[in-house]
Every structure is written in C-alpha cells, then in structure tokens.
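I have placed the structure first, in the form of structure tokens, so that the comments after it can refer back to it.
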Amino acid sequence: NHQWSKSLEFEQEFQQYVSENISQEVKYFSLLRPLSELRIAEIFAKKGWKEFGSLFSSCNRNFHLGGSQIASRWCGTCPKCVFVSLILSPWLSATQIESAFGSVPFEDSKNETLMNELLGLEGIKPLECVGTVAEAREAVFLGKEKHECLKSWAEKFPAPHFNHREWHEHQLPDVFEQILREVESIS
C-alpha cells in the first residue's frame with residue numbers, strides 16, 4: 001500500500017529490517033516526515049518558487065506507465081492538482097498559481113466537489129496522495145486574504161486548530177534534523 005509505505009510505522013519496521021538483514025550502518029528515514037504538507041508548500045513557495053515554480057509537477061494524471069495523460073504538467077481537475085494549488089494559496093498569487101497549473105484549480109467551479117471532499121464537507125477525502133482535511137482547512141483560512149474565493153469556503157466550517165509549523169514524530173538522524181531546522185527557520 002503506497003500510503004502505508006510513507007508512514008512512520010513502515011519507516012520504523014523497514015529500518016529494523018535493514019539493520020537486522022542488510023547493515024546497521026544504513027539508515028532509512030524520510031527527510032520530510034517532520035513537516036506537514038502545508039509547511040512544505042510554504043517553504044517551497046518562499047524559497048523555491050522563483051527557480052522551480054515552472055518546473056515542478058505532482059499531478060497523478062501526468063504519471064502513467066503509458067505516458068502523460070495530459071498535455072501539460074498539471075491537469076487542473078484531479079484531487080492532487082486541487083490540493084497542491086490550495087496549499088500554495090497562502091503564499092502565492094492567483095497569477096503565480098495559474099502560471100504553473102494553467103489555471104487556479106481551487107477556484108474552478110468544476111472542482112467544487114473535490115474541494116468539498118478535501119475540506120471534509122461531503123463525500124470521502126480522495127484516496128490520492130493529498131494532505132489531511134485539517135491541512136486543507138488551514139490552507140483555506142491562511143489563503144483567504146490573498147484569494148477572495150476562499151472566503152466563502154472558510155465560512156463553511158469553524159476555524160481550524162492546525163499548526164502547520166508543528167513538527168511531527170520522526171526518525172531523522174541528528175545531523176539531518178539540524179539541517180532541516182536551519183532551512184525551515186529561514187523561510
């Protein structure tokens with residue numbers, strides 16, 4: 001299961017397997033595990049957007065065994081496109097988002113059902129690799145000052161109590177934790 005393979009439980013069990021069966025010197029860990037998706041988006045928007053904003057992609061419809069199913073890097077209508085554009089919204093203008101995605105997916109009326117699902121307002125949160133309902137809601141509240149359309153979404157649920165800068169449990173070796181904290185602190 002792809003989602004489980006990204007979990008702390010998997011990381012701990014695989015690290016134990018590597019240590020017992022391959023080498024105690026090899027350490028398996030996720031460098032980004034301590035950070036929320038929203039915090040990663042903030043750091044990327046502040047530190048990497050200028051150089052990499054036109055190059056990155058995470059649209060699942062762009063990655064198929066038979067090749068891309070879309071003409072550009074982002075389809076603008078899948079859960080991944082809507083979520084990623086939403087978590088970038090607090091730090092990027094609509095023009096910046098449109099320059100990368102070809103549209104502003106969280107603004108598009110054809111994505112209303114996806115927004116409702118991502119925000120936990122109806123249906124089931126998409127099974128694609130998207131963040132939590134709490135992160136999506138926090139992105140709406142943080143982004144509503146920059147994007148008028150998010151104000152109406154923010155009225156549909158109470159203010160979230162999600163701290164996107166809080167670190168999650170992790171297994172980073174000390175040297176990598178120090179590096180990540182330094183990078184994070186200057187964003």
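Tell me the angle of helix 8-21 to the major Cα principal axis of the chain, expressed in degrees between 0 and 90 and rounded to the nearest ten.
30
Accessible area per residue of the chain at 1.4 Å probe, in Å²?
57
If the limit is 19 Å between Cα atoms, which of Lys6/Lys46; Lys80/Lys110; Lys6/Lys80 go over it?
Lys6/Lys46
Can you tell me how much longer the chain between Glu128 and Lys156 gets when fully stretched, taken as 0.36 nm per residue apart minus their C-alpha distance, in nm with one decimal?
Roughly 7.7 nm would be gained on extension.
If I compute solvent accessible area with a 1.4 Å probe over the protein chains, what percent of it on the chain is carbon and sulfur? Show your work: numbers first, answer last.
Numbers: 5510 of 10590 Å².
Using a 1.4 Å probe with all protein chains present, the chain comes out at 52 percent carbon and sulfur.
Give me the number: length gained by fully extending Leu8 to Asn163, i.e. 0.36 nm times residue separation minus the C-alpha to C-alpha distance, one decimal in nm.
Taking Leu8 through Asn163 to full extension adds about 53.9 nm, to one decimal.
Which aspartates and glutamates, if any, have their Cα less than 20 Å from the Cα of Lys27, not counting same-chain residues under 8 positions apart?
The qualifying aspartates and glutamates are Glu9, Glu11, Glu13, Glu169, Asp174, Glu177.
Determine by what factor the alpha-carbon radius of gyration of region 1-117 differs from 2.2 N^0.38 Å, reporting the quotient.
On the way: Rg = 17.4 Å, N = 117, 2.2 N^0.38 = 13.4 Å.
So the Cα radius of gyration is 1.29 times the expected 2.2 N^0.38 Å.
I want the local charge near Phe162. Using Cβ-Cβ distances under 12 Å, sum +1 for each Lys or Arg and -1 for each Asp or Glu among the other residues.
Result for the neighbourhood of Phe162: -1.
Compute the label zone of Glu20 within region 141-174: residues whose backbone N is under 11 Å from the point 7 Å along Cα-to-Cβ.
Label zone hits: none.
Report ³J(HN,Hα) in whole Hz for each residue of region 117-129, in order, from the Karplus equation J = 6.51 cos²θ - 1.76 cosθ + 1.60 where θ = phi - 60°; Gly and Pro get x.
So the J values, rounded to whole Hz, are 5, 4, 8, x, 8, 7, x, 10, 4, x, 7, 5, 6.
Could you give the size of the charge dipole of region 62-184 about its Cα centre, using +1 on the Cβ of each K and R and -1 on the Cβ of each D and E, expressed in debye and rounded to the nearest 20?
Roughly 320 debye for region 62-184.
The values are calculated or read from the model by the stated rules, or taken from the named source; none is laboratory data. Here the structure is a predicted model, which means the values were calculated and not measured. Note that we place each Cβ from the backbone using ideal geometry, even for glycine, and neighbour counts take in every protein chain shown. Ligands, DNA and RNA are excluded from the accessible area calculation, which covers all protein heavy atoms including side chains. Shrake-Rupley method; radii C 1.70, N 1.55, O 1.52, S 1.80 Å.
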